[in-house]
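Notes follow once the structure below has been shown.
Just so it is clear, none of the values below were taken in a lab; they were calculated from the coordinates. Small disclaimer: the values here were computed from a predicted structure and weren't measured. Note: ideal-geometry Cβ built from the backbone for every residue, glycine included; neighbour counts use all protein chains shown.
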Amino acid sequence: MKQKPRRATNDEQPQSKTMKAKKISRETGDCSRRLPAVWRLAYPAAMVMACVALALNDGSSASAQVGGGRGKMVRRATPPSPKWDKGSAGTFYEDALATLAGPRPDFSAASAAAATAAARGASEAATVATGSPAASGGSGGFKWSTLVSEDTLTDEVKDQKASLGETVASPSDFKGGGYDKAREGFSAVAMVFGVIAAYDQDVRWKKDAETARDVFARVGFNCKVGTDQSFSESKTRVADLEKLLEGSSIDAKADRDEDFRWNQVAGRPPLMSRLEAAENAIGGAVASKGDFDKQVERLLHEVEIVAVIGEVIQQPDFEYHDDDTYRGYASGMRDAAVKARDAAKKGDYDGVRAAVGELKKSCEACHGDYRS
């Protein structure tokens, strides 16, 4: 007798893979739940560290590939189309080499030549316009001999001494207005001794020049007012001039505690007064050929004094010394005075008149912008 097949129970029924996975999940649960408590706390941290280590390993591999030159080739952008639009087509040559003639320019050689020329020009400008008059000697200092001769410096001191003697003839005349003329005279003398102290050749009064420069500069500033003190000091300084002209040294002390600066030698107003006197003398000397022939020596003296003033007023710390326009006027005046001097030495009357015209033009332009 055949036995009837028995129906399988749920536990014996065939199971799909999904049902098997669910059964395993129920039996085992989350792996982290079956771990001890301490391990469950460390499990997330361990996963984070593993991710970081994997990232660093990938970065090191990439760096090694780049360092070893085995990195992937960078794909460059596609160049633009070589076709031009109608508006730009006529601007450029289709083949420049076929159109242009001659050898290609050597731009490197041109740049080197320009640099050399610029350096030479800067050096010459520094020698003429921005030298250091405070340097005593020809090496590395401004060559004052290119502007003024020893005879002009000596004669200027003699001329100013005669004028200053009149201003201190009496206290009443000095206080009545003579002090202003004394200021102009002493300032001019101080400027001359400043040039002598820095002259690039051995000239008269060289050893006394620095002391003389400072004491005459001081009395010049003190003569802004007419007082008993300024009158007494002026008489003493006139006596010092007499000693120097006689060949003696002066006993005065400069008593300077700081470095020499040209703006302490003379103020701009008294130098402008001396410049105005020079312009009047120059104008009279070139009024005619006959006047030129008679006054050529005086003309030479005055144009050299103008050249000196034109250089002095450009020195550091002097009023407007850092104004390019002002320096341009002063340089133009100085250079025109040197041209007039050179033409006068040759007896070239027309050349002198032309140079004097340039000089006056610079002075008038400067007066229009800066006259105080």
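What nm value, rounded to one decimal, do you get for the distance between E150 and R298 when each label is placed 7 Å out toward the C-beta?
In this crude spin-label approximation the distance works out to 2.7 nm.
Can you tell me the convex hull volume per residue for segment 155-246, based on C-alpha atoms, in Å³ to the nearest whole number?
Spelled out: Cα convex hull of segment 155-246, divided by residues, is 75 Å³.
Going by how many other beta carbons lie within 10 Å of each one, how would you line up H301, H321, fewest first?
Details: H301 24, H321 16.
Least crowded to most crowded, the residues run H321, H301.
A 23 angstrom limit on the alpha carbon distance is what I want to check against. Which of K207/K243; K175/K235; K158/K181; K158/K243; K224/K339; K294/K361 exceed it?
Numbers: K207/K243 14 Å; K175/K235 13 Å; K158/K181 16 Å; K158/K243 12 Å; K224/K339 35 Å; K294/K361 25 Å.
Violating the 23 Å limit, Cα to Cα: K224/K339; K294/K361.
Normalise the Debye intensity by I(0) for segment 285-372, one equal point scatterer per Cα, no solvent, then take log10 at q = 0.17, 0.18 Å⁻¹ and round to two decimals.
-0.67, -0.73
Once fully extended, how much extra length lies between R353 and D173, figured as 0.36 nm per residue of separation less the alpha-carbon to alpha-carbon distance?
Numbers: separation 180, 0.36 × 180 = 64.80 nm, distance 3.89 nm.
Residue separation times 0.36 nm, minus the Cα-Cα distance, leaves 60.9 nm.
How would you rank 224-231, 339-346, highest first, on the average number of other Cβ atoms within 10 Å across their residues?
On the way: 224-231: 15.4, 339-346: 18.6.
Most protected by this proxy first, the peptides run 339-346, 224-231.
Can you tell me how much longer the chain between Q201 and S248 gets when fully stretched, taken as 0.36 nm per residue apart minus their C-alpha distance, in nm with one decimal? Provide the component values of the computation, followed by the final result.
Values: separation 47, 0.36 × 47 = 16.92 nm, distance 2.06 nm.
Answer, rounded to one decimal: 14.9 nm.
Simple spin-label model, 7 Å along Cα-to-Cβ: A277 to D342 in nm?
Once both label points are built, they end up 2.9 nm from each other.
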